[in-house]
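Colleague: Please find one structure pasted underneath; my questions will follow.
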Number of protein chains: 2
Amino acid sequence: MSAPRARTRIQAKNSQAILDAALDIFSQYGFRGATLDQIAERAGLSKPNLLYYFPSKEAIYVALLAGLMDTWLAPLRALHHDGDPVEEILGYLRRKLEMSRLYPRESRLFANEILQGAPQILDQIEGDLKALVDDKAALIRLWIAEGRLAPVDPYHLVFSIWATTQHYADFDIQVHRVLGQEGDAPFAEAERFLTHLYRSALTPNPLTAR
Amino acid sequence: MSAPRARTRIQAKNSQAILDAALDIFSQYGFRGATLDQIAERAGLSKPNLLYYFPSKEAIYVALLAGLMDTWLAPLRALHHDGDPVEEILGYLRRKLEMSRLYPRESRLFANEILQGAPQILDQIEGDLKALVDDKAALIRLWIAEGRLAPVDPYHLVFSIWATTQHYADFDIQVHRVLGQEGDAPFAEAERFLTHLYRSALTPNPLTAR
DNA sequence: CCTGCCGCTGACCATTTGGTCAAACAATCA
DNA sequence: TGATTGTTTGACCAAATGGTCAGCGGCAGG
C-alpha cells in the first residue's frame, strides 16, 4: 500500500518484500506476538538482512502504520456536501467495504493495534481521525437540519459503518465458516444488505419532513 | 465469567485470580503476545505458582475460551419465535450490546482469537456457532415469509449486529477518543442509534406487504 | 503434637528472540 | 580493471520466555 523511500532497485524490492511479509505477520499476531524470524522467513531474507533495511522490529511496524491512516481515512474524506446525502453515505459505505475486500490485512493490522491499546496511533486517533470525524459529523448534522437525512447520531452512524465493513476483513474466517462459503461472495451479499440497512434508516420520512 | 472447578478455598481464589489476570493480558495482547510473567504479576502470584494451578500457558488460554462461547451465544439463543419479530431482534441487539458493555475483555479475547486465525475455536465456529446461526436464520426467513419482517439476508443481519455491538468493546479506545467521552455514555447513545437503524430496516413496509 | 499433604518459592534450564558485527560477496562506476 | 559502495551472511550475544524441580513452610486431621 505504501512504497518505502529507496535509492536502488534492490532496496526497493527488498524493503517492499519486508513490509509485505511484516503485514502478513503483524496483522495476524499483533506487534508483540510477531517475531522477526517469521517475517524474515516469509520475506525470503535472513534476519540480519532484515535489520540491514530496518533498524528494529518496531521500525518495521511503525513504517507499516505510518502510511496506513491516510489510506484508511480516504473513503471518509471523500464524503462531500454535493449530491444526495443518502447516496453520499451509501457511497462511503461502499468504498469502505471495498477497502475491507481489497486490504483485509491492513484492516486487521489496525484492529490489532487498537486492541492492544493503540500505543502507536493514539495521537493520530485523537488528532487527524477525531478532526475528520468531527468535520463529517457536522456535515451530516447539516443534512439532517435541511431535512435531507433522517435524524441520527452522526458519530454512531460512522462507527456503525466502520464496524460493519471492517467486520468482513477482521472476522472473515468466522464469516466464511458460518456461511460455508469461500472467496468474495460475502462482500457482494454484504453490500446488498448494508445498502438496504442504511438506506432505510437514513432516508428522511416524507410524512414527518418539513 | 466461568468459575474453575476447585477443591479448596485457596484453589478457588487463586485460579480465579489467574483467570482474571489472564483475561486482562490475553485480551489485550493475544495468545502469542502475552507472557506468563505479565499474568503472574497481575494475579499477584509467582510464575511457578501459576504453573502449580495450570500446567501451561496454553492451558490457561484454553480454560478462558472454553466457557466463553456458550456465554457469548446466549443472547442469540434467546431469540424466540414468540413475540413481534422486530422487537425480538431489537431485544437481541440490546442483549448483545449489554454483553459488550459488561464483558469487554471477553469480547476482545474473542476478537484476538479470530484475528489470529481462530486456532482454538475453529471447530466450535463451524459446529455450534454455525448450527445456531443457521437455526436462527431459518426463523428470520420464516418471519420474512410471513410478512412480519422486511426481506433482508438473515446471515448478514446477524453479522452486522455482531459487528456493531462488539465494536464498542473491541474498539472502545477509538470510540472514546473520537467522542471525547469517558465511561458508559457511548453505550446509551449506541443503543438509541442502533435501535433506530434496525427498526427502520426491519419493519415491513405496509405499502408492499401482502 | 506429629504426620502428611497442600501451597509456594528460589534456583535453574533450554529455547526463543531482538539485535550486533566483522567479514565476505556483489554491483557499479571511473 | 580496480576502487568504492552497496548487500548478505554466519557467528555471536544478552535478555526474555515457558517450564522444571527439589525443597520448605504451613495448615489440617488423627
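No value in this document is a laboratory result; all are computed from the given coordinates. Since the structure is predicted, the reported quantities are computational estimates derived from the model, not experimental observations. Cβ coordinates were reconstructed from backbone atoms using ideal geometry, including for glycine residues, and neighbour counts include every protein chain displayed.
Colleague: Pairs A:Lys96/A:Lys130; B:Lys96/B:Lys136; A:Lys13/A:Lys47; A:Lys130/B:Lys130; A:Lys13/A:Lys136: which are spaced more than 27 Å apart, C-alpha to C-alpha?
Modeller: On the way: A:Lys96/A:Lys130 18 Å; B:Lys96/B:Lys136 15 Å; A:Lys13/A:Lys47 16 Å; A:Lys130/B:Lys130 37 Å; A:Lys13/A:Lys136 38 Å.
From the list (A:Lys96/A:Lys130; B:Lys96/B:Lys136; A:Lys13/A:Lys47; A:Lys130/B:Lys130; A:Lys13/A:Lys136), the Cα-Cα distance tops 27 Å for A:Lys130/B:Lys130; A:Lys13/A:Lys136.
Colleague: OK, next. Defining a contact as two alpha carbons under 8 Å apart and six or more residues distant in sequence, what relative contact order in percent does chain B show? Write out the running numbers ahead of the final one.
Modeller: On the way: 166 pairs, mean separation 47.8, N = 210.
Reported relative contact order: 23 percent.
Colleague: Please report, for A:Gln181, the nm distances (one decimal) from its label point, 7 Å out from Cα along the beta-carbon direction, to the equivalent points in the remaining copies, shortest first.
Modeller: Those label-point separations list as 3.4 nm.
Colleague: In degrees between 0 and 90, to the nearest 10, how far off the longest principal axis of chain B does helix B:130-145 point, with axes built from Cα atoms?
Modeller: The helix B:130-145 is inclined about 20 degrees to chain B.
Colleague: Counting helices only, and only those DSSP H runs with n ≥ 4, report the 222 nm mean residue ellipticity of chain B as the sum of -39,500 (n - 2.57) divided by its residues, in deg cm²/dmol to the nearest 500.
Modeller: Working: 10 runs with 150 residues, N = 210.
Taking each H run of at least 4 residues, the total per residue is -23500 deg cm²/dmol.
Colleague: Once the label point is set 7 Å along the Cα-to-beta-carbon vector, what list of distances in nm do you get between A:Ser56 and its counterparts in the other copies?
Modeller: 3.2
Colleague: May I pose another question? So what are the ³J(HN,Hα) numbers for the stretch A:173-179, from phi and the Karplus equation (6.51, -1.76, 1.60; θ = phi - 60°), rounded to whole Hz, Gly and Pro as x?
Modeller: Each residue's phi maps through the Karplus curve to give 4, 4, 4, 5, 5, 5, 6 Hz.
Colleague: Which ³J(HN,Hα) values, rounded to whole Hz and listed in residue order, are derived for the stretch A:106-122 from phi using the Karplus coefficients 6.51, -1.76 and 1.60 in 6.51 cos²θ - 1.76 cosθ + 1.60 with θ = phi - 60°, glycine and proline given as x?
Modeller: My calculation for the stretch A:106-122 gives 4, 5, 5, 4, 4, 4, 4, 4, 6, 4, 7, x, 6, x, 8, 10, 4 Hz in order.
Colleague: I need the shape label for the stretch A:1-122. Rule: rounded when a/c is under 1.5, else prolate if a/b > b/c, else oblate, with a, b, c from the alpha carbon gyration tensor. Walk me through the numbers before you get to the answer.
Modeller: Working: a/c = 2.70, a/b = 1.97, b/c = 1.37.
Taking the square roots of the gyration eigenvalues as a ≥ b ≥ c, the stretch A:1-122 is prolate.
Colleague: Where does helix A:85-102 land angle-wise versus the long Cα axis of chain A, in degrees 0 to 90, nearest 10?
Modeller: Here the helix axis deviates by roughly 20 degrees.
Colleague: At what distance in angstrom do the alpha carbon centres of the stretch B:103-142 and the stretch B:21-67 lie from each other?
Modeller: One Cα centre to the other: 23 Å.
Colleague: Right, here's the next one. Just want the ordering: B:Thr71, B:Thr164, from fewest to most Cβ atoms lying within 10 Å of their own Cβ. Can you show the working numbers first?
Modeller: Working: B:Thr71 13, B:Thr164 27.
Neighbour counts put them in this order, fewest first: B:Thr71, B:Thr164.
Colleague: A further question follows. Would you work out the relative contact order for the stretch A:1-124, in percent, from Cα pairs under 8 angstrom that are 6 or more residues apart? Display every interim value, and only then the final one.
Modeller: Details: 86 pairs, mean separation 38.3, N = 124.
Over the stretch A:1-124, the number comes to 31 percent.
Colleague: Another question, if that's okay. Which whole number gives the average, over all residues in A:174-187, of C-beta atoms from other chains lying within 10 Å of the residue C-beta? If you can, show how the numbers build up before the last one.
Modeller: On the way: counts 13, 6, 2, 9, 13, 7, 4, 1, 0, 0, 0, 0, 3, 0.
The shielding value for this peptide is 4.
Colleague: If you plug each phi of the stretch B:19-24 into the Karplus form 6.51 cos²θ - 1.76 cosθ + 1.60 with θ = phi - 60°, what whole-Hz ³J(HN,Hα) values come out, in order, with x for Gly and Pro?
Modeller: Whole-Hz 3J(HN,Hα) from phi for the stretch B:19-24: 5, 5, 5, 5, 4, 3.
Colleague: Find the Rg to Rh ratio for the protein assembly as shown, where Rh is the Kirkwood radius over alpha-carbon pairs and Rg uses the same atoms.
Modeller: On the way: Rg = 22.6 Å, Rh = 22.9 Å.
With Rg and the Kirkwood Rh in hand, the quotient comes to 0.99.
Colleague: I need the shape label for the stretch A:2-65. Rule: rounded when a/c is under 1.5, else prolate if a/b > b/c, else oblate, with a, b, c from the alpha carbon gyration tensor.
Modeller: Prolate is the answer for the stretch A:2-65, as a/c is 1.5 or above and a/b outweighs b/c.
Colleague: Could you work out the mean projected area of the convex hull around the alpha carbons of the stretch B:67-202, in square nanometres to one decimal? Could the numbers behind the result be given before it?
Modeller: On the way: hull surface 33.2 nm².
If you wrap the Cα atoms of the stretch B:67-202 in a convex hull and average its projections, you get 8.3 nm².
Colleague: If packing is taken as the mean number of other Cβ atoms within 10 Å per residue, what is the order of B:190-201, B:103-114, A:46-57, highest first?
Modeller: Numbers: B:190-201: 20.3, B:103-114: 22.3, A:46-57: 15.0.
Highest-to-lowest ranking by the protection proxy: B:103-114, B:190-201, A:46-57.
Colleague: Provide a whole-number value for the mean count of partner chain Cβ atoms within 10 Å of the Cβ atoms in peptide A:188-197.
Modeller: Values: counts 0, 4, 6, 1, 3, 9, 6, 0, 9, 11.
Neighbouring Cβ atoms belonging to other protein chains average 5 per residue here.
Colleague: How far, in nm to one decimal, is A:Leu73 from itself in the other copies if the label point is set 7 angstrom along Cα toward Cβ? Shortest first, please.
Modeller: Its label point is 4.1 nm from the equivalent points in the other copies.
Colleague: Related question: Let me confirm one metric for peptide A:21-32, namely the mean number of other chain beta-carbon atoms within 10 Å of its residues' beta-carbons.
Modeller: 3
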